[in-house]
1. Step by step: first the residues of the stretch 84-105, then only those that are within 19 Å of the chain's Cα centre (by Cα) and β-branched (Val, Ile, Thr), then the one that is farthest from Leu265 (Cα to Cα). Which residue is that?
2. Working only within the stretch 43-75, note down all residues that are in contact (Cβ under 8 Å) with a residue 12 or more places away in the chain and more than 20 Å from Pro151 (Cα to Cα).
3. Within the set of pairs 6+ apart or on separate chains, which have a first residue in the stretch 305-316 that is farther than 17 Å from Glu282 by Cα, a second that is open to solvent by less than 50 Å² (accessible area, probe 1.4 Å) and not in a loop (DSSP other than H, G, I, E, B), and C-beta atoms under 6 Å apart?
4. Looking only at the stretch 21-28, decide whether some residue is open to solvent by 70 Å² or more (accessible area, probe 1.4 Å) and modelled with pLDDT under 95.
5. Being open to solvent by 50 Å² or more (accessible area, probe 1.4 Å), outside any loop (DSSP other than H, G, I, E, B) and over 18 Å from Ser141 (Cα atoms) is the filter here; which residues of the stretch 302-323 pass it?
6. Do we find a residue being of a type in the set (Phe, Trp, Tyr), more than 18 Å from Ile136 (Cβ to Cβ) and at pLDDT 85 or above anywhere in the stretch 186-208?
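The values are calculated or read from the model by the stated rules, or taken from the named source; none is laboratory data. For clarity, every value in this text was computed on a predicted model and none was experimentally measured. Cβ placement follows ideal geometry from the backbone for every residue including glycine, while neighbour counts extend to all protein chains displayed. When the accessible area is computed, the model is the full protein with side chains, heavy atoms only, and any ligands, DNA or RNA have been set aside. Shrake-Rupley method; radii C 1.70, N 1.55, O 1.52, S 1.80 Å.
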Amino acid sequence: MGNLLRILINNDPAPRTDNIFVDFEDAQPTENEERVFLLVNSVLKSAGEILVQLQRYKGATEEIRMAISNPKIEDLQDKAWQSVAPLVSQLKTFFDFSLELESVVPVLLGELCSANLTPREHLETQQALFKQFAQILDFVSKFDDLKMTTPAIQNDFSYYRRTLSRRKMANEDEVQEGEEFVSNEMANRISLFYAQATPMLMALSDVTAKFVSQNKDLPVEQTTDCLSMMANICRVMIEKPEYRSRIKDETRLFCLRVMVGVIILYDHVHPVGAFAKSSGIEMKSCIKLLKEQEQGNVEALLNALRYTTKHLQDEGTPKSVKSMLAN
């Protein structure tokens, strides 16, 4: 896969990305892909429901406010506790799903970054796996966007931890079976997860960086080039009329989300970042493409580039790129 991605380096004579089409809509696994595809699919099948649950998350803000304002009224304390405890169970489900993703991403990267095929062979024979990696990035983008617009999550979890500790100190024997959905150790891990502005992205970044460090036989560039390749493919599939006409509107938005997700992931994993000229990502073209879309569809994506990347403000980032994102 690393060779595949060198397509994007200017001095490499390998094929360009402007003649590559990835079938994100109908790609089916080949026999060689099937083992990894089924493994990843067993996790991805829950992604849609996770997003639905998060979108419907209402929180216990009012119940908590009433309990804190009236600390001596036991009925209000009980009502707040009964409201927040099942919500924490739901938050743990989301956290557990992040761990499932972390378990399959290295396997997926191992297939996509292998050096046993030529660039063209990778694209022609592993499109189903490319699609799955794109689906993971799409999920990560959607989850983190929803999380950032749901402030009740951290408020609920903080109240849960404080109240559980207080209840156990007051009379530990009265903590009913099933009430403690989360152990103290697990609560610490979950708290750190949700303390991140973009928790799923950070989990994905960490597991990708770990993949690179643990596979010392693979050059770092084989993974980072994979990301830059995917960003440029997604861009080209929207830019080129002959490709754009072959995909549905929802797939075009999918490509834009994946493009941005790949850029952000690259920026977190690569020491120099995605905005440097050496990254292989045609950043100006990517930003220009986003700005050409209807604002309601892409404003969150532009904001993600502005506020969730690491290297935008680096000295090595071209001023023209900073200016494009500033406006």
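1. Applying the filter and picking the extreme gives Thr93.
2. Val43, Leu44, Ser46, Ala47
3. Thr308/Ile264; Lys310/Asp267; Lys310/His268
4. Among the residues of the stretch 21-28, at least one is open to solvent by 70 Å² or more (accessible area, probe 1.4 Å) and modelled with pLDDT under 95, which makes the answer yes.
5. Lys319, Lys322, Ser323
6. Yes, the stretch 186-208 contains a residue that is of a type in the set (Phe, Trp, Tyr), more than 18 Å from Ile136 (Cβ to Cβ) and at pLDDT 85 or above.
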